[in-house]
1. Quick check on my filter: what residues within segment 106-155 are outside any strand (DSSP E or B), at pLDDT 70 or above, of a type in the set (Ser, Thr, Tyr) and over 60 Å from the mean Cα position of the chain (by Cα)?
2. Return the residue satisfying two criteria in turn: it lies in segment 640-692 and is buried (at least 16 other Cβ atoms within 10 Å of the Cβ) and under 53 Å from the mean Cα position of the chain (by Cα), and of such residues it is farthest from residue 613 (Cα to Cα).
3. Within segment 405-432, take every residue that is free of Cβ contacts under 8 Å to residues at least 40 places away in the same chain and of a type outside the set (Gly, Ala, Ser) and give me the one that is farthest from residue 347 (Cα to Cα).
4. Would you call residue 546 modelled with pLDDT of 95 or more, open to solvent by 30 Å² or more (accessible area, probe 1.4 Å) and of a type in the set (Ser, Thr, Tyr)?
5. Exactly one of these conditions fails for residue 380: (1) open to solvent by 30 Å² or more (accessible area, probe 1.4 Å); (2) part of a strand (DSSP E or B). Give me its number.
6. Let me spell it out: the conditions are (1) at pLDDT 95 or above; (2) open to solvent by 70 Å² or more (accessible area, probe 1.4 Å), and residue 407 meets all of them except one. Which number is the exception?
7. Might you check whether a residue that is open to solvent by less than 30 Å² (accessible area, probe 1.4 Å) and closer than 23 Å to residue 708 by Cα occurs anywhere in segment 613-632?
8. Considering each of 609, 632, 619 in turn, give the residue that is of a type outside the set (S, T, N, Q), in contact with a Phe, Trp or Tyr (Cβ under 6 Å, 6 or more places away or on another chain) and closer than 30 Å to residue 694 by Cβ.
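The values are calculated or read from the model by the stated rules, or taken from the named source; none is laboratory data. None of the values given here were measured: they were computed from a predicted structure. Every residue, glycine among them, receives a Cβ derived from its backbone with ideal geometry; neighbour counts consider all protein chains shown. Ligands, DNA and RNA are stripped out before the accessible areas are found, and what is left, the full protein with its side chains, is counted by its heavy atoms. Shrake-Rupley method; radii C 1.70, N 1.55, O 1.52, S 1.80 Å.
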Amino acid sequence: MRVFGARYPVSFACFVLALGLLTASGAAAQGAPCPGGRFVTGFQLQVSAPGRSAAIPFTQINNLDQGDVLHYAPQALPPEWRKSARVAALLVPAAYSASAHLAVFTGRADRTASWKVPEQTAAIAFLFGPKGLNANNTRRMLDQHPELVAHFITYAEQASRVEALVALLARYENSPPGTLDLNTLLKQYSREYGVAMPKANPALPPDQEAAVMLAAVAPPTAEPGPSKHADLTAGSTSTATALATLYYGPVMGLASDAMPLFRALHKTMFPGMQFQGAFAQPDAGGARLCGANTAPPPNKHTVYIWMANLPTGTAPSVRLAKATTATLAAGTNARLQVTCASVAQLRDLMRARQWELVPVKGKPVSIKVQVAPGALNDTLTLDLTHDSHLTGDYYLAAMWDWTPVNVAGTIAVQAPTGLQGATLAPGDAARLIAEGGVVTVTVAGTNFSLVNKVELAGASEPFALADGGKQLHVTIDTAQLAAGVHQLRLEQAAGSARELALTVLPPNPRVDAFRANVDEGSQRITLHGTHLERIARLTSADADITLARLPASIPANGLDQRPAIVHLTASAQPGQVLSAKVYVVGSADPLGLAHAINVLGPRPRISAVDQSVNAGQTVALKPKELPADATVNFAFTIEHAPPVTEVHLRCQSPNDQIQPLTLHAGDTSGTAELESSGNGRYYLAAVAGKIGAPGCDLQMIVPDASAGNSNAYLLGRVVLLPRIHSLTLSDQSAAPGEFAGTLSGDNLQLIAKTGWNASTGIPVTSVPMRVNPSSAAQTLAIAMPWPPPSPHAPLYIWLRGESRGRATTVTQ
């Protein structure tokens with residue numbers, strides 16, 4: 001360890017200033033307000049270097065090297081301290097090791113002092129005592145406890161974080177409502193200092209929120225028993241004040257890593273003294289030393305300790321982040337993104353000073369610059385409000401200690417122009433279609449170089465300048481935009497704005513590819529897709545397409561099906577894929593549909609159908625009727641039959657279905673069989689009532705997975721008819737002109753009337769009777785007109801629900 005008098009300078013990387021405290025009333029009376037605390041005293045501390053220009057305030061210095069000079073001067077020192085107070089400065093070397101020692105400088109607090117830095121320094125601790133400081137005790141303490149060097153370094157890093165957080169909270173609490181967002185400030189703080197800050201919680205009292213934030217920047221060490229400092233902040237109305245009290249309060253109870261340092265100072269160097277942390281705030285020509293807003297402990301001499309940390313390292317290499325030229329608006333607070341050679345340089349750029357705009361010719365212009373560090377880029381806010389006529393091309397420069405830092409790239413400062421002439425490029429409006437995806441439109445008509453925000457429907461949209469700022473390319477995702485008129489809002493840095501009305505068209509229709517067969521003439525199809533109601537017409541070079549009329553009511557989400565009639569021209573050949581054009585309602589230009597129609601070969605076709613019914617029917621069948629309880633035989637031809645031929649037998653209505661059948665040639669089942677005689681001719685025998693119930697319209701279809709199924713061929717309707725075995729007439733009169741008779745047979749309950757012709761019948765009023773419980777045979781009492789038209793006239797019966805009688809094979 002080395003001890004130096006007041007004539008030697010010290011290094012400035014991180015330092016702690018401990019000041020013997022005045023009375024609280026005396027201190028408060030001397031200084032300006034302290035954010036989050038109370039004024040202790042004022043001072044000046046600057047650094048000079050051999051052969052360099054003017055001295056730099058130590059709060060702006062980055063490297064404190066061997067040979068530099070640290071200049072101390074009192075400022076607003078309370079009168080009662082002027083004779084007794086002493087200052088001690090402890091220098092922590094940059095090349096720290098376990099055996100490193102601190103250089104010590106001492107002097108009177110009321111006199112100026114200059115200390116020469118013996119080696120590159122990483123941290124400095126300044127101690128100020130109202131009753132003086134004993135240099136011998138200082139030297140002995142450091143010789144006996146070399147491990148305190150590490151504690152000085154730790155406390156310096158921690159104290160600088162807390163000091164910045166107190167200033168941030170005070171800035172927020174003193175700002176007009178709504179002008180600053182605390183969580184945004186905390187995020188920026190997190191990036192600057194590399195700590196994860198919790199979100200602000202308005203529901204917490206200030207003292208509790210201060211404890212949560214302090215735990216993030218200076219994690220406490222658990223000590224037995226309740227906290228000794230909770231009562232210091234209870235009821236506080238300021239989070240900044242509560243935070244300063246917790247960290248800089250008596251004994252530094254919450255600064256976990258600093259506890260060994262303060263305990264050692266108290267025990268070995270200054271018994272009977274109370275050590276308390278402090279923080280500094282810039283003041284005119286110097287700095288204010290601030291302490292926690294608590295009263296000093298009685299019967300003890302309080303010593304305040306303040307430290308600051310230096311980043312060290314070389315000057316950062318900086319360039320514009322997005323392009324080689326950036327355009328800024330004159331007379332505004334303009335934002336500019338820059339990047340550096342390393343993440344560390346991005347973080348440290350905020351310590352650059354004396355920012356200037358340097359023109360190609362002429363004098364540099366000093367400006368204020370705020371640096372907001374980021375993970376990839378830093379955001380610089382340039383204050384150009386002092387001169388609205390400041391225009392031209394510049395480069396941005398600053399100082400890193402005495403080393404110039406030039407930002408690579410050109411800064412073009414322009415006077416804002418109006419946006420009234422902005423218009424959408426011709427043709428771009430038609431490309432704005434709801435659910436259409438990402439579209440880039442061009443806005444032209446004025447200079448857009450200063451546009452810094454583009455919004456559509458309340459959301460920011462990406463944009464890029466083109467043609468030297470004469471065009472603005474805006475990228476719009478129409479996937480979430482509803483059809484209708486939307487306002488495209490352009491804003492520029494000077495605050496002027498322009499809104500353009502953009503009409504977003506309804507979604508374009510989507511037509512799925514469909515199939516059509518050659519050799520079919522006009523064929524009915526159903527189009528599938530979305531928003532098919534928006535199709536005005538659909539055309540193809542090799543097909544005529546006629547769309548069905550739109551329904552009276554269209555669903556909110558549009559039509560997904562629409563009937564049409566397609567007629568392929570003679571030039572269409574199987575295997576072709578035909579293109580088409582979709583003409584959309586409200587648009588002159590059609591949509592191209594490259595894969596519209598798959599041309600297929602001819603479908604199977606059922607023709608030349610002949611039918612016969614096995615003997616045994618006693619009641620006449622109408623055309624296209626199939627008896628439910630008898631075998632019906634069909635002969636038919638299948639044109640364009642597929643290689644493997646089969647037929648499907650089923651009812652048109654599933655409700656009538658009993659058991660649908662699929663038959664290949666040669667198949668035989670209990671109810672049907674299919675045979676082929678060659679040359680496309682087939683024979684089918686089937687009991688229709690086993691396939692469908694009475695009322696079933698029995699269809700036959702020939703499937704073809706390649707060309708498509710044949711049209712359904714209606715074989716006939718399944719009917720259940722009575723089987724009449726005999727008619728017996730008695731000599732008993734049933735009514736005038738009527739004689740009683742009896743029918744025997746099956747299913748006689750189906751008979752509603754009887755007679756001798758198809759026009760006149762007598763209603764049946766009796767119920768059939770079973771001849772034998774184990775047999776289906778029935779008898780039915782009827783009345784017949786008398787006399788019959790001929791000796792062996794056939795019987796006519798009416799089925800229920802029919803208006804004309806059916807002839808039977810039964811006679812008297």
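1. Of everything in segment 106-155, just one residue is outside any strand (DSSP E or B), at pLDDT 70 or above, of a type in the set (Ser, Thr, Tyr) and over 60 Å from the mean Cα position of the chain (by Cα), namely 112.
2. 642
3. Taking the candidates together, the pick is 426.
4. On the way: modelled with pLDDT of 95 or more: yes; open to solvent by 30 Å² or more (accessible area, probe 1.4 Å): yes; of a type in the set (Ser, Thr, Tyr): yes.
Answer is yes for this residue.
5. In the conditions (1) open to solvent by 30 Å² or more (accessible area, probe 1.4 Å); (2) part of a strand (DSSP E or B), residue 380 misses (1) alone.
6. Status for residue 407: all satisfied but (2).
7. The answer is no; no qualifying residue exists.
8. Sole residue among the options that is of a type outside the set (S, T, N, Q), in contact with a Phe, Trp or Tyr (Cβ under 6 Å, 6 or more places away or on another chain) and closer than 30 Å to residue 694 by Cβ: 609.
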